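A.B. asks: One structure follows; several queries about it will come next.
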Amino acid sequence: MRPFKHVALIGFGEVGQTLAQDLVGKATVSAWDIAFADPASGPSRAAGRHVVRAAASARDAVAGAALIVSAVTADQDLAAAEAVAAGLPEGAFFLDLNSCSPGQKVAAAEVIEAAGGCYVEAAVMSPIAPKRIGSPMLLGGLHAEAFLARGAALGFTGATVYAERIGQAAATKLCRSVMIKGIEALLTESMLAARHYGVEQVVLDSLSDLLPLPDWNRTAHYMISRSLEHGARRAEEMREAARTVEEAGVDGLMSRATAARQAWAANHADALTTSLAATLDALRHDKIEEDER
């Protein structure tokens, strides 16, 4: 099975930049991001630091590419597929890494397949930083197995073929996110109120009766810190989780509320400290200042 010699990255944020670094020496890499229109943007500056060709457009980026990796914001998933469709080389693989709903994945797949490409759904099941290109991914679609046979040589060693049906990988990830990101939001809200009343440690200790963990204090601090550091991205993902739930005919009440709490947390990243108590106090101080304005 011949390896991919030219890879196009659509989206040059954290994921795109990580993949670009890991692809050095393995393939020629081109990249395009809508932020390239601004020379001062993060993606524009990053393109100058990496061994990639910064393309003038999505169509320019995919010219001659055997593999296109879409790593854009979830709300741009379909738009990214549409942007490359006109210039998509016949038989090129399109790896969709975006955290969007099953319905959005199906729509993107239809665009790529109609343009003569081979669509592969991918649900990245961990943060990208620790294992990078080798992060665990669930692959979906009729072309998943063929992609993996060639993609392993590039470093996609954590990927597994999961389902032939497009959307099932996305559903798995986003239904899981309803729980994980929801717990982060619930802990943030619970601990802020508990700190006000001076009962946070008693509440945490009582949780061990139902969900025994080695250190609930540490767990709460970690999960709240994730929201503070990555709340914007989590809020975006949870809006897609709500869409996923609603595509299943269930009202996404909890997912929408979680998205709102995650978005709120993103505005208070400066409150993060090395302890739970200090972080909660900083968040409460921010809230008091907001109320006074």
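A.B. asks: P(r) tail for the chain, what percent of Cα pairs lie past 24 Å?
C.D. replies: On the way: 23528 of 42778 pairs.
Result: 55 percent of Cα pairs exceed 24 Å.
A.B. asks: Pick out the long, greasy-scoring helices in the chain: whole DSSP H runs spanning 27 Å or more along their own axis by Cα, mean Kyte-Doolittle at least -1.0. Numbers along the way, then the final one.
C.D. replies: Working: long enough: 168-197 (43 Å, 0.34); 216-247 (36 Å, -1.19).
Both cut-offs are met by 168-197.
A.B. asks: Points 7 angstrom from Cα along the Cβ direction at His196 and Ala37: gap in nanometres?
C.D. replies: 4.2
A.B. asks: Please check the chain for the longest run free of GluC sites (Glu not before Pro) that are loop-located per DSSP (anything but H, G, I, E, B) and have at most 12 other Cβ atoms within 10 Å. Write down the numbers at each step before the final one.
C.D. replies: Numbers: sites that count: Glu90, Glu164.
It works out to 165-293.
A.B. asks: What lysines could a cross-link reach from Lys5, if we take a straight Cα to Cα line under 20 Å and drop same-chain neighbours fewer than 8 places away?
C.D. replies: Output for Lys5: Lys26.
A.B. asks: Can you sort Arg150, Arg45, Arg195 so the residue with the fewest Cβ neighbours within 10 Å comes first?
C.D. replies: Numbers: Arg150 16, Arg45 12, Arg195 19.
Sorted ascending by nearby Cβ count, the order is Arg45, Arg150, Arg195.
A.B. asks: On to the next question. Along each of the three principal axes of the Cα atoms of region 177-245, give the extent in whole Å, ordering the values from largest to smallest.
C.D. replies: 36, 23, 17
A.B. asks: Next up: So what is the calculated 222 nm ellipticity per residue for the chain, using -39500 (n - 2.57) for each DSSP H run with n of 4 or more, over all residues, to the nearest 500 deg cm²/dmol? Display every interim value, and only then the final one.
C.D. replies: Values: 12 runs with 161 residues, N = 293.
It lands at -17500 deg cm²/dmol.
A.B. asks: Can you tell me what percent of all Cα-Cα pairs in region 6-166 are more than 28 Å apart? Before the final figure, lay out each step's value.
C.D. replies: Working: 1245 of 12880 pairs.
Counting every Cα pair in region 6-166, those more than 28 Å apart make up 10 percent.
A.B. asks: If you don't mind, another one. Using a Förster distance of 45 angstrom, determine the FRET efficiency expected from the C-beta separation of Glu289 and Leu142, and round it to 0.05. Walk me through the numbers on the way to the answer.
C.D. replies: Numbers: r = 54 Å, r/R0 = 1.21.
The calculated FRET efficiency here is 0.25.
A.B. asks: Please list, or write none, the aspartates and glutamates whose alpha carbon is within less than 20 Å of the alpha carbon of Lys287, excluding same-chain residues fewer than 8 places away.
C.D. replies: By straight Cα distance, Lys287 reaches Glu184, Glu189, Glu200, Glu229, Asp270.
A.B. asks: What list of ³J(HN,Hα) couplings, whole Hz, do you get for region 134-139 from phi and the Karplus terms 6.51, -1.76, 1.60, once you set θ to phi - 60° and write x for glycine and proline?
C.D. replies: x, 4, x, 9, 9, 9
A.B. asks: What are the lysines whose alpha-carbon lies under 28 Å from the alpha-carbon of Lys173, with same-chain residues fewer than 8 places away excluded?
C.D. replies: Hits, sequence-local ones excluded: Lys105, Lys131, Lys181.
A.B. asks: Expressed in nm², what is the orientationally averaged projection area of the convex hull enclosing the Cα positions of region 170-292? Don't jump to the answer; show the numbers that get you there.
C.D. replies: On the way: hull surface 32.2 nm².
Across all orientations, region 170-292 yields a mean hull projection of 8.0 nm².
A.B. asks: State, in angstrom, two size descriptors of region 102-146 derived from its alpha carbons: Rg to one decimal place and Dmax to the nearest whole number.
C.D. replies: Rg, Dmax (Cα atoms, Å): 12.1, 36.
A.B. asks: Quick one: of the DSSP bridges fully inside the chain, what percent are antiparallel, nearest 5? Present the calculation step by step, with values, prior to reporting the outcome.
C.D. replies: On the way: 4 of 27 bridges.
For the chain, the DSSP antiparallel bridge percentage is about 15.
A.B. asks: Percent of Cα-Cα pairs per 5 Å bin, from 0 to the last occupied bin, for region 37-120, please list those.
C.D. replies: Over region 37-120, the share of Cα pairs per 5 Å bin runs 3, 16, 24, 23, 18, 11, 5, 0 percent.
A.B. asks: According to a simple spin-label model (label point 7 Å from Cα along Cα-to-Cβ), what is the distance in nm between Ser57 and Lys26?
C.D. replies: For Lys26 paired with Ser57, the spin-label model returns 3.0 nm.
All of the numbers you see were taken from the coordinates with simple rules; none came from a lab. The model shown is predicted, which means the values in this text are computed figures rather than measured ones. So basically every Cβ, Gly included, is an ideal-geometry build from the backbone, and we count neighbours across all protein chains shown.
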